[in-house]
Amino acid sequence: CGRFDMALEWSNKEIDLCQSNQHIALGSAYERKGGIFHYTNKPMEALEFLFKAESEYLKSGTIESVSNLANLYSSIGSCYAQMADKRCINYLQKSIDVSEGHFGKSGYNLALRYKNLGMAYMYVCKEYRQSLLPLEQAANLYKESDSLTDVIDVFRLIVEASHKAGYFRETIEKLSLLPPDEKNQEMTYALMQDVQNCANCLELIKEFRQY
């Protein structure tokens, strides 16, 4: 509680100092204050300051502000997701659109944005089939970044979404694309434990283990 109060105190001082300064500095100060509330599980309070940050960034119109908007929209989407509010989809997609427009269609951060969008479709909207496309995109981007741990993490989400959507064979086929070294065999075996409860897929598991 003491650290939270201290963080808010310094955040308020930063905002006061920025009031007569550039829009982007004030936007960053608002974003940081919103982040404090978000970190402490107060999404409604966080959104108040995140939207103030958006207003300042849009007024600035600089390349730096566009870059900041990608992270900001991700934070807004995360706050809405925390409240199980389907408006999270719009902001998580805006985060992707801004990121791709500014940084291109590759990179670790973009993979994370797609993963967050897929998780929002799955856990907030319960749209399991809709979640698969962004999750698959996230897995591909993580592969490009040589981040195997993150690929495995997303594959677990794909297994879960596929289970709930009624897709089984496609999931097994995707898992079989992992490189067959010892470490990955252990990881894929663990993944298969998640799949074993899926209806009508025991034979598919047997086929995969023969791969």
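The values are calculated or read from the model by the stated rules, or taken from the named source; none is laboratory data. Model, not experiment: these values are computed from the prediction. Cβ coordinates were reconstructed from backbone atoms using ideal geometry, including for glycine residues, and neighbour counts include every protein chain displayed.
Out of Arg113, Arg129, Arg156, I need the residue that is basic (Lys, Arg) and over 20 Å from Arg169 (Cα atoms). Which one?
Numbers: Arg129 fails: over 20 Å from Arg169 (Cα atoms); Arg156 fails: over 20 Å from Arg169 (Cα atoms).
None of the others qualify; the one that does is Arg113.
Report, by residue number, each residue of the stretch 90-105 that is touching a helix residue (DSSP H, G or I) at 6+ places or on another chain (Cβ under 6 Å) and farther than 19 Å from Gly34 by Cα.
Ile96, Val98, Ser99, His102
In this structure, is Asp146 modelled with pLDDT under 85, more than 27 Å from Tyr39 (Cα to Cα) and among the acidic types (Asp, Glu)?
Judged against the criteria, Asp146 is not a match.
Could you identify the single residue in Leu26, Leu72 that is within 16 Å of the chain's Cα centre (by Cα), surrounded by 22 or more Cβ atoms within 10 Å (Cβ to Cβ) and free of Cβ contacts under 8 Å to residues at least 60 places away in the same chain? Quick ask: steps written out before the conclusion?
On the way: Leu26 fails: within 16 Å of the chain's Cα centre (by Cα).
Exactly one residue qualifies, and that residue is Leu72.
Using the structure shown, decide if Leu58 is without any contact (Cβ under 8 Å) to a residue 24 or more places away in the chain and farther than 23 Å from Ala138 by Cβ.
Answer is yes for this residue.
What residue, among those in the stretch 146-156 that are under 16 Å from the mean Cα position of the chain (by Cα) and within 22 Å of Lys105 (Cα to Cα), is surrounded by the most Cβ atoms within 10 Å (Cβ to Cβ)?
Narrowing the stretch 146-156 to residues under 16 Å from the mean Cα position of the chain (by Cα): 147, 149-156.
Now restrict to residues that are within 22 Å of Lys105 (Cα to Cα): 147, 149-155.
Details: Ser147: 15, Thr149: 9, Asp150: 19, Val151: 21, Ile152: 19, Asp153: 14, Val154: 27, Phe155: 23.
Checking each candidate, the answer is Val154.
Among the candidates Lys86, Lys115, which residue alone is within 24 Å of Thr40 (Cβ to Cβ) and not in a helix (DSSP H, G or I)?
When all the criteria are applied, what remains is Lys86.
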